[in-house]
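The values are calculated or read from the model by the stated rules, or taken from the named source; none is laboratory data. Remember, it's a predicted structure, so these values are computed and weren't measured experimentally. Here Cβ is always computed from backbone atoms with ideal geometry, including for glycine, and neighbour counts include all displayed protein chains.
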Amino acid sequence: MLEFLQFTLSGISFGAVYAAVALSLVLIWRGTRILNFAQGAMAMFTTYIALEVIRGTGSYWAGFAVALAAGLVFGALAEVTVIRPVEGKPPLNAVIVTIGLLVLVEGLAGIIYGGQYRSFPAAFTVTGLRAGRSPLGISWFDVFTVLAVLAAAAALAAGFRYTTAGLRLRATAFDARIARLLGVRVGRVLTLGWALAGLLGALAGLLISPSTFLYPNSMDSIFVFGFTAAVIGGLDSPAGAVAGGLILGVLLSYAGGYLGSELTPLAGLVILALVLTFRPDGLFAGVRLRRV
Amino acid sequence: MSSAALSVGSLAAGYGGVLALKDVSLTAAPATITVVLGANGAGKTTLLRTVSGLVRPRAGRVLVDDTDLTGRPPEDVARAGVAHVPEGHGVIAELTVEENLRLGAMSWRRDGRNTGRAARAAAVAAACDRFPNLGRRRHKPAAVLSGGERQLLAIARALLARPRVLLLDEPSLGLAPRAVRQVMELISQLRAESGLTILLVEQNARGALAIADQGVVLSLGTVVATADAGTLAADVALRHHYLGY
């Protein structure tokens, strides 16, 4: 029973990170109908930047803030420079461009920072929490991870719902042609979407790297799990992405805990295959308002 | 020339290798309704799309109040004062009625009038008062509206943009007869009360000519007749040949 609780709690903590990656993919998907294969690589790079800043200044939070800002800037830059030319073109063009970006960013990280594994600090202690004398299998940093992702998701949801920019983002996601006819500068809206996605990715990199180490490919598997979470949620739904991340995190934690941790990646693929086969619109797809 | 609110000169446009518009010229005076008639494939929808920037012209000019908008992207054309209600109304079903309306009032051009947040909220509230069927459901998704109500919402949203020129693409398509009358009445009221210049594409030629000042008949991408609405309605040969009634 205690084991089950431990697996569940640590699954929620990892799931929060998958949720952040999933949310960033959904933000981009909704606006541009592009799956950004470089999302994980960009997050890896901003985490290296955080590491440099933390070493330079001695402050974890300075590195944290700079990485988030860098994610924002990289996301916007990626949209303006390499994505803009393939928007509205056949989907394969965008796939090739974002895979190219992935290879470029990981290559650059290798050249600049080298290929060795580096440890990345956590914001809070990673010593396990206990309830009475029983270890819970999670730390304060895990609690922080979940709270940070939920706060980011809530801030995004509120921004979408209550701000003018949020309304423009949603209108563009639902019908870019109509948005343009109403005077919405869709190009800027898409840049904003990519910037926010970059920020979420950077957050995911900061939260996961204390447990995975940091190296040029360190975010690859996190990207795959984030994508799986987004698919579970339906790719189009921010709330679904968060739920999908948490569900996937817990399921993978059970798979790793009860069946053996070497099976975790395989379990991720099995879940992805099952969802795509039986619920390709996501677990939460309800009545469709619009058939495209 | 300077008296025209909308002036289209020798416009050509198309999709891929096909020219849907070959050579279309028309001028519309301020506060008038111009109805564009013609069979399917005559180029009516392409004409509106080219004016609003959704389709790039291959040749010709589009002027609104003497501002050259030829080939500008749709968001710029909208901000210059051209509101386009496309075929099938273009209401965003997933957004609430109020959000649809707010989108309309989001991109006002600076023309000396108050463009602050409060002014925009007041304009949305006024639209909800004017169209009580919309106001009652302002917080519901637009998906719950009937076809006629969606058309009204699309027109109300276009009006909230404070346009100088309003382009309407088949606003009566698929509506029940009562809703058609309501929409047509609204269109003729708009000209009277706000000095709006309206370019109206309609299948329902008889109903449209009844409220229009001027009619333009298109056939295969060219203008085959331009006259005041009464003359066109009385021209039996033209009616038989191009309008089918």
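Is it the case, given these coordinates, that A:Ser209 is farther than 30 Å from A:Met1 by Cα, of a type in the set (Gly, Ala, Ser) and touching a residue at least 60 places away in the same chain (Cβ under 8 Å)? It is false that A:Ser209 is farther than 30 Å from A:Met1 by Cα, of a type in the set (Gly, Ala, Ser) and touching a residue at least 60 places away in the same chain (Cβ under 8 Å). When each of A:Leu192, A:Leu181, A:Leu169, A:Leu196 is tested for being within 14 Å of chain B (Cβ to nearest Cβ), at pLDDT 95 or above and within 30 Å of B:Ala78 (Cα to Cα), the lone residue that passes is A:Leu181. Here is the figure for segment B:70-95: residues that are over 30 Å from B:Ser146 (Cα atoms), assigned to a loop (DSSP other than H, G, I, E, B) and out of contact with any Leu (no Cβ under 7 Å at 6 or more places or on another chain) total 4.
Looking across segment B:163-190 at every residue that is buried (at least 19 other Cβ atoms within 10 Å of the Cβ) and part of a loop (DSSP other than H, G, I, E, B), the one that is farthest from the chain's Cα centre (by Cα) is identified as B:Leu175. Scanning segment B:192-240 for residues that are more than 21 Å from B:Val180 (Cβ to Cβ) and in a loop (DSSP other than H, G, I, E, B) yields B:Gly195, B:Leu220, B:Gly221, B:Asp235.
Conditions (1) aliphatic (A, V, I, L, M); (2) free of Cβ contacts under 8 Å to residues at least 60 places away in the same chain; (3) part of a helix (DSSP H, G or I), marked per residue:
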{"site": "A:Val82", "(1), (2), (3)": "yes, yes, yes"}
{"site": "A:Ala94", "(1), (2), (3)": "yes, no, yes"}
{"site": "A:Val146", "(1), (2), (3)": "yes, no, yes"}
{"site": "A:Ala158", "(1), (2), (3)": "yes, yes, yes"}
{"site": "A:Arg161", "(1), (2), (3)": "no, yes, yes"}
{"site": "A:Arg170", "(1), (2), (3)": "no, yes, yes"}
{"site": "A:Arg177", "(1), (2), (3)": "no, yes, yes"}
{"site": "A:Gly187", "(1), (2), (3)": "no, no, yes"}
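Comparison of B:Leu145, B:Leu232 shows that the only residue that is closer than 18 Å to B:Ala28 by Cα and touching a Lys or Arg at 6+ places or on another chain (Cβ under 9 Å) is B:Leu232.
A:Ala123 satisfies every condition listed in (1) within 14 Å of another protein chain (Cβ to nearest Cβ); (2) not in a helix (DSSP H, G or I) except (1). Here is the figure for segment B:196-213: residues that are touching a residue at least 40 places away in the same chain (Cβ under 8 Å) and either within 11 Å of B:Ile33 (Cα to Cα) or under 13 Å from the mean Cα position of the chain (by Cα) (or both) total 12. Considering the conditions (1) over 13 Å from the mean Cα position of the chain (by Cα); (2) surrounded by fewer than 24 Cβ atoms within 10 Å (Cβ to Cβ); (3) over 30 Å from A:Ile54 (Cα atoms), A:Ala179 is excluded by exactly one of them, (2).
In segment A:121-142, of all residues being in contact with a strand residue (DSSP E or B) (Cβ under 8 Å, 6 or more places away or on another chain) and free of Cβ contacts under 8 Å to residues at least 60 places away in the same chain, the one that is surrounded by the most Cβ atoms within 10 Å (Cβ to Cβ) corresponds to A:Ser139. When each of A:Ile34, A:Ile28 is tested for being over 25 Å from A:Asp142 (Cα atoms) and not in a helix (DSSP H, G or I), the lone residue that passes is A:Ile34. Residue-level check: of (1) farther than 24 Å from A:Thr164 by Cβ; (2) among the acidic types (Asp, Glu); (3) buried (at least 20 other Cβ atoms within 10 Å of the Cβ), B:Asp65 misses just (3). Consider segment B:191-208 and keep the residues that are aliphatic (A, V, I, L, M) and over 18 Å from B:Thr45 (Cα atoms). The one that is surrounded by the most Cβ atoms within 10 Å (Cβ to Cβ) is B:Leu196. Determine whether A:Ser237 is surrounded by 18 or more Cβ atoms within 10 Å (Cβ to Cβ) and either of a type in the set (D, E, K, R) or at pLDDT below 90 (or both). Criteria met by A:Ser237. Residue pairs whose Cβ atoms lie under 8 Å apart, sitting 6 or more positions apart in sequence or on different chains, and linking a residue in segment B:174-195 that is closer than 20 Å to B:Arg162 by Cβ and touching a residue at least 60 places away in the same chain (Cβ under 8 Å) to a partner that is part of a helix (DSSP H, G or I) and among the β-branched types (Val, Ile, Thr), are B:Ile187/B:Ile155; B:Ile187/B:Ile211; B:Ser188/B:Ile211.
Scanning segment B:78-127 for residues that are surrounded by fewer than 19 Cβ atoms within 10 Å (Cβ to Cβ), hydrophobic (A, V, I, L, M, F, W, C) and more than 8 Å from every other protein chain (Cβ to nearest Cβ) yields B:Ala118, B:Ala119, B:Ala121, B:Ala122, B:Ala125, B:Ala126.
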